[in-house]
1. Which pairs, out of Lys73/Lys152; Lys120/Lys152; Lys73/Lys120, put more than 22 Å between their alpha-carbon atoms?
2. Give me the accessible area per residue for the chain, probe 1.4 Å, as a whole number in Å².
3. Cross-link candidates for Lys45: which aspartates and glutamates have Cα within less than 14 Å, leaving aside residues fewer than 8 places away along the same chain?
4. Between Ala11, Ala110, Ala64, which gets the highest mean-square fluctuation from a Gaussian network model of the chain, Cα cutoff 10 Å?
5. What number in nm² do you get for the chain if you take the convex hull of its Cα atoms and divide its surface by four?
6. Separation between the Lys73 and Leu7 pseudo-spin-labels, each 7 Å from Cα along Cα→Cβ, expressed in nm?
7. Tell me, Kirkwood radius of the range 92-147 from alpha-carbon pair distances, in Å?
8. What number results when the radius of gyration of the range 1-84, computed over Cα atoms, is divided by 2.2 N^0.38 Å?
Amino acid sequence: LAHHDYLTNLANRACLVDRAEQTLRLAPRNQRHMAIIFIDLDRFKQVNDSLGHPAGDEFLRVIARRLTKYRRKVDIVSRLSGDEFVVVLPQCALSQAQVVIEYLREELSAPCQISGVTLKPSASIGVSLFPDDGRSMETLLHRADMAMYQAKTSGRGCVSFFSQGLDQLARGRLRLETALREAID
């Protein structure tokens, strides 16, 4: 229970970070790449609001099954919270990650029946890559999350890869908000 999400039976945040950190420690020695894929379901709140929380829970279980359907033994699939999932692909370069992401998009967008209603899920996906985008799981996860928000801003169902421009944009926005608050005060 301490390492798994009770609803989806996927790894939880603690398990994800622990397993991913172990994998990261081995990656530089083996000159391996790794992809962190941050997935946020689009319009999940509408499922809960219109069909109820039990239907939302079933929807999350369907998504979890789809995310784990063809994973390799070394891959880590986790539910962070709510409708946020992370897939860690050890030993995976950019070209391989792109293939997996396209597969995940197709798999996730297949229609499903929940409480007698046909839903067509979509997800916004953000990606960060080891070692290019960071060397710690905390950094990689944060940057994949930033990329996911960029994908959501671009339109639902999009994929975005982290870039230094995203980091600079986020820092600039924070500085501007801080300056505006100080000016108002």
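The values are calculated or read from the model by the stated rules, or taken from the named source; none is laboratory data. As the structure is a computational prediction, the values presented were derived from the model and not from experiment. Positions of Cβ are generated from backbone atoms using ideal geometry, with glycine treated the same way; all protein chains shown enter the neighbour counts. Calculation scope for accessible area: heavy atoms of the full protein, side chains included, ligands and nucleic acids excluded. Shrake-Rupley method; radii C 1.70, N 1.55, O 1.52, S 1.80 Å.
1. Check vs 22 Å cut-off fails for Lys73/Lys152; Lys73/Lys120.
2. About 56 Å² of surface per residue is accessible.
3. Once the sequence-local aspartates and glutamates are set aside, what remains near Lys45 is Asp57, Glu58, Asp83, Glu84.
4. Of Ala11, Ala110, Ala64, the Gaussian network model singles out Ala110 as fluctuating most.
5. 12.3
6. Inter-label distance under the simple model: 3.1 nm.
7. On the way: mean 1/r = 0.0768 Å⁻¹.
It is 13.0 Å.
8. 1.24
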